[in-house]
Structures are given as C-alpha cells and as structure tokens.
Amino acid sequence: MTDCIFCKIAKGEIPSKKIYEDDEMLAFYDTSPQAPVHFLVIPQTHIENIMEVGVENSPLLGRLLIRAEVLARRLGCEEKGARFVINCKEHGGQTVDHLHIHVLAGRPLGWPPG
Ligand code: 5GP
Ligand code: ZN
C-alpha cells in the first residue's frame with residue numbers, strides 16, 4: 001500500500017527506531033510512547049487489521065505475537081510483565097490501518113480501557 005505509513009517504515013522510506021527485523025516482520029519503538037517501554041510489531045506485508053488476517057496468515061500472526069513476547073523479555077519486562085494490544089478499526093482505537101501489536105510495559109497499566 002503506497003500511502004501506508006507502516007509500509008513506508010517497513011521499506012525504510014520513513015525512519016524508525018528498529019528493535020528487530022526479518023523477512024516477514026519488523027519491530028520498532030512507537031513515536032508517541034504511552035509507557036516507558038512501548039514498541040510495535042508489524043508484518044512486512046500490508047494486512048489492514050486483525051480481521052483481515054485469515055486462517056492462511058494465522059501462523060504469521062502467531063510468530064508476530066511470539067516475537068513481541070521475546071522482545072519484551074529482552075527489554076527487561078519478564079519479571080513485571082507487559083500489555084500486548086491489537087487495536088482494530090474505529091471502536092478498537094486503530095489509527096494506522098496496518099496490522100500492529102503494541103507492547104507496553106515499565107509501569108502498571110490500568111484496566112478496563114476508557
Ligand atoms: P493504533 O492507534 O493504530 O493502535 O496505533 C498506531 C500507533 O502508531 C500509535 O501509537 C502511534 O503513536 C504510532 N505511530 C504513528 N505514526 C508513527 C510513525 O511514523 N512512527 C512510529 N514509530 N510510530 C508511529
Ligand atoms: Zn501498510
């Protein structure tokens with residue numbers, strides 16, 4: 001998708017503070033962090049949201065989640081834990097229409113969401 005900011009980040013057209021990259025995914029810090037640790041894990045390919053993943057891409061979704069968990073551990077979140085979030089569409093609070101997993105940690109997070 002040519003006008004998708006996360007596709008542009010994946011292609012290196014928009015700079016990002018990368019944490020991890022391979023053929024199918026990328027992890028980078030959120031520019032507007034909501035916690036001391038706040039990064040995003042995205043697929044390299046444009047999938048709009050979790051409702052568009054489908055059974056065929058479910059193994060990819062699993063790998064994105066496990067990578068998010070591994071990186072959270074690596075960034076020191078193992079003892080206290082973290083929040084793994086996927087916002088979807090308007091009511092889910094999604095503002096960038098390219099599938100992404102938020103990982104937030106480093107402080108206690110409230111629940112339920114407002
Ligand atoms: P959403 O609201 O769609 O779940 O999350 C989108 C996230 O992307 C937001 O937390 C926002 O701060 C982050 N974001 C938006 N534009 C950029 C950008 O250009 N670079 C980075 N690193 N994060 C971005
Ligand atoms: Zn995209």
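So, with a 1.4 angstrom probe, what is the percent of accessible area on the chain that is carbon and sulfur? List each step's numbers first, then the result.
Numbers: 3810 of 7050 Å².
Summing carbon and sulfur atoms, their accessible area is 54 percent of the total for the chain.
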Round to the nearest 10 and give me the degree value, 0 to 90, for the angle of helix 58-72's Cα axis relative to the longest principal axis of the chain. 40 degrees
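From the Cα gyration tensor of the stretch 40-103, with a ≥ b ≥ c the square roots of its eigenvalues, which class applies: rounded if a/c is under 1.5, or else prolate if a/b is larger than b/c, or else oblate?
Numbers: a/c = 2.42, a/b = 1.50, b/c = 1.61.
Oblate is the answer for the stretch 40-103, as a/c is 1.5 or above yet b/c matches or exceeds a/b.
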So in the chain, which Cys have no other cysteine's beta-carbon sitting under 4.7 angstrom from theirs? 77, 88
Length-normalised contact order of the chain, Cα under 8 Å, at least 6 apart, in percent, tallies to 29 percent
The chain: C-alpha gyration tensor shape, a/c 1.5 cut-off, then a/b vs b/c: rounded
Under 8 Å for C-alpha pairs, at least 6 residues apart: give me the relative contact order for the stretch 1-42, rounded to a whole percent. 26 percent
State in Å² the accessible area per residue of the stretch 18-90; use a 1.4 Å probe, count heavy atoms of protein chains only, and round to the nearest integer. 60 Å²
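Classify the stretch 1-58 from the C-alpha gyration tensor, please: rounded if a/c falls under 1.5, else prolate or oblate depending on whether a/b exceeds b/c.
Values: a/c = 1.76, a/b = 1.39, b/c = 1.27.
Verdict is prolate for the stretch 1-58.
The values are calculated or read from the model by the stated rules, or taken from the named source; none is laboratory data. Fair warning: this is a prediction, and the values are worked out from it, not measured in the lab. Every residue, glycine among them, receives a Cβ derived from its backbone with ideal geometry; neighbour counts consider all protein chains shown. SASA here: full protein model, heavy atoms, side chains in, ligands and nucleic acids out. Shrake-Rupley method; radii C 1.70, N 1.55, O 1.52, S 1.80 Å.
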